[in-house]
Amino acid sequence: MKIISILTSLLLVLSFQSVHAQSKTFEGTESVYQNQTFYEVKDFPQKFKAKKPKNVILMIGDGMGVAQVFAGATANRGQLYLNNFKHLGYSRTQSANRYVTDSGAGGTAIAVGHKANNSSVGVDSNGNPVPSIITVAQKNNLATGIVVTTSLLDATPADFVAHVPSRKMMPEIAKAFVASDLEVFIGGGIEHFQNREDGRDLLAELTEKGYQVCDTITEVTKIKSGKLAGFLREGRISQRGDQLERTTAVALDILDDHKNGFFLMVEASEIDGGGHDNDMQYTVEEMLDFDQTIGKVLEFAAKDGETLVVITADHETGGLTLVNGNMETGEVTGRFTTGGHTGIMVPVFAYGPGAEMFTGIGENTSFFQKFIKVLRLNP
């Protein structure tokens with residue numbers, strides 16, 4: 001009995017050490033970012049022309065959790081344009097079949113108001129197509145647009161226009177963009193619109209439908225009106241520069257011409273990339289790029305007085321923990337716990353008429369109905 005007791009004790013010790021060792025492997029290595037370029041943040045008024053918005057701008061920081069937001073704030077000496085948002089909440093991101101969602105299901109829930117299975121796009125948990133907020137807005141004579149930093153055919157933007165069982169079906173998603181009737185869409189993915197296996201030249205089809213088809217930032221920024229399909233370089237901010245700010249401004253110029261109002265979705269796609277790579281510099285620089293784009297949007301919304309701006313994420317990526325930082329120097333140190341997504345709640349920020357509807361803790365499916373209600377749309 002004594003030998004059995006000793007063996008049992010040894011097993012318990014080894015088991016504890018094994019679990020402890022496993023937990024340590026998930027702690028990750030520390031990643032440090034030292035900001036070199038700081039920017040001033042402007043305060044915007046909190047009084048608006050009407051209680052009901054004419055326009056809605058939904059901005060999605062792919063992979064953006066609270067840690068990513070505060071990492072950006074630390075890097076910019078405590079200041080973000082997000083500080084202008086007085087109505088705050090949280091969104092639960094779980095998908096229909098997983099505790100941890102992917103962008104397909106996470107974006108679908110926001111876009112169509114239904115929980116979806118991971119990897120699916122624009123369909124409910126049974127695979128049935130469901131109209132997105134973009135489609136409903138168009139039905140109610142609102143202009144619509146999508147601007148992203150990655151491929152237009154990636155899961156999040158695809159969730160707003162396509163209805164397919166898998167996010168990998170990019171040739172089908174490209175066809176959905178051609179048929180979408182968006183006034184403007186800007187992002188990557190041009191390779192799926194030309195030299196296709198089915199022989200269709202989707203760029204030619206877009207031109208026939210009245211789109212100005214551009215493939216450089218110089219061309220895109222010259223467009224002030226009409227319909228625009230812009231195909232631009234993908235990659236992290238060190239490769240594309242301030243492209244998101246500039247393309248968002250172009251979309252606002254185009255959409256603001258429409259007297260009935262508009263619905264615009266803007267995605268900062270590469271915050272997610274920083275989390276997947278466990279790269280603090282990548283993460284923070286993408287967060288700051290997103291925040292500066294938010295600043296441009298706030299300039300428009302404050303001047304317009306009838307625009308609701310809602311900012312959230314489809315999920316958090318990387319399991320980021322901030323372990324050190326300096327608000328004076330802009331240095332921030334983080335540790336990532338995973339190379340994938342996590343199941344934590346993500347923040348919600350709202351500014352403008354109707355912003356009070358986006359407070360508290362809610363499911364990611366609630367955005368759809370709130371947009372319907374605040375814009376008084378006929379679904």
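The values are calculated or read from the model by the stated rules, or taken from the named source; none is laboratory data. Computed from a predicted structure; not experimentally measured. Note: ideal-geometry Cβ built from the backbone for every residue, glycine included; neighbour counts use all protein chains shown.
Would you mind finding the one in Ala105, Ala162, Ala109, Ala176 that is within 27 Å of Arg246 (Cβ to Cβ), part of a helix (DSSP H, G or I) and of a type in the set (A, V, I, L, M, F, W, C)? Let's see the steps before the verdict.
Numbers: Ala105 fails: within 27 Å of Arg246 (Cβ to Cβ); Ala162 fails: part of a helix (DSSP H, G or I); Ala109 fails: within 27 Å of Arg246 (Cβ to Cβ).
None of the others qualify; the one that does is Ala176.
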Hits in segment 328-346 (condition: part of a strand (DSSP E or B) and within 12 Å of Ala67 (Cβ to Cβ)): Val332, Thr333, Gly334, Arg335, Thr342, Val346
In segment 101-137, the residues that are within 17 Å of His341 (Cβ to Cβ) and either surrounded by fewer than 18 Cβ atoms within 10 Å (Cβ to Cβ) or among the polar types (S, T, N, Q) (or both): Thr101, Ser103, Thr108, Asn117, Asn118, Ser119, Ser120
Residue within segment 299-306 that is surrounded by fewer than 22 Cβ atoms within 10 Å (Cβ to Cβ) and not in a helix (DSSP H, G or I) present: yes
Selected residue [outside any helix (DSSP H, G or I), closer than 21 Å to Ile110 by Cβ, touching a strand residue (DSSP E or B) at 6+ places or on another chain (Cβ under 8 Å) and not aliphatic (A, V, I, L, M)] from Gly273, Gly319, Gly362: Gly362
Extreme residue, surrounded by the fewest Cβ atoms within 10 Å (Cβ to Cβ), among residues of segment 351-370 that are under 13 Å from Asn55 (Cα atoms) and out of contact with any Pro (no Cβ under 8 Å at 6 or more places or on another chain): Ala355
Tabulated pairs, segment 143-166, first closer than 14 Å to Ala268 by Cβ, second in a helix (DSSP H, G or I) and at pLDDT 95 or above, C-beta under 6 angstrom, 6+ apart or interchain: Ile146/Pro157; Val147/Thr247; Val147/Thr248; Val147/Ala251; Val148/Pro157; Thr149/Leu244; Thr156/Ser103; Thr156/Gly107
Qualifying residue in segment 23-35 (condition: assigned to a loop (DSSP other than H, G, I, E, B), surrounded by 14 or more Cβ atoms within 10 Å (Cβ to Cβ) and at pLDDT 90 or above): yes
Scope segment 216-234; condition surrounded by 14 or more Cβ atoms within 10 Å (Cβ to Cβ), without any contact (Cβ under 8 Å) to a residue 40 or more places away in the chain and assigned to a loop (DSSP other than H, G, I, E, B); matching residues: Thr221, Ile223
Number of the condition not met by Thr156 [criteria: (1) in contact with an Asp or Glu (Cβ under 6 Å, 6 or more places away or on another chain); (2) surrounded by fewer than 24 Cβ atoms within 10 Å (Cβ to Cβ); (3) of a type outside the set (Phe, Trp, Tyr)]: (2)
Subset of segment 46-65 [surrounded by fewer than 23 Cβ atoms within 10 Å (Cβ to Cβ) and farther than 16 Å from Ile294 by Cβ]: Lys47, Phe48, Lys49, Ala50, Lys51, Lys52, Lys54
Yes/no for Gly295 being touching a strand residue (DSSP E or B) at 6+ places or on another chain (Cβ under 8 Å), in contact (Cβ under 8 Å) with a residue 60 or more places away in the chain and either surrounded by fewer than 23 Cβ atoms within 10 Å (Cβ to Cβ) or not acidic (Asp, Glu) (or both): no
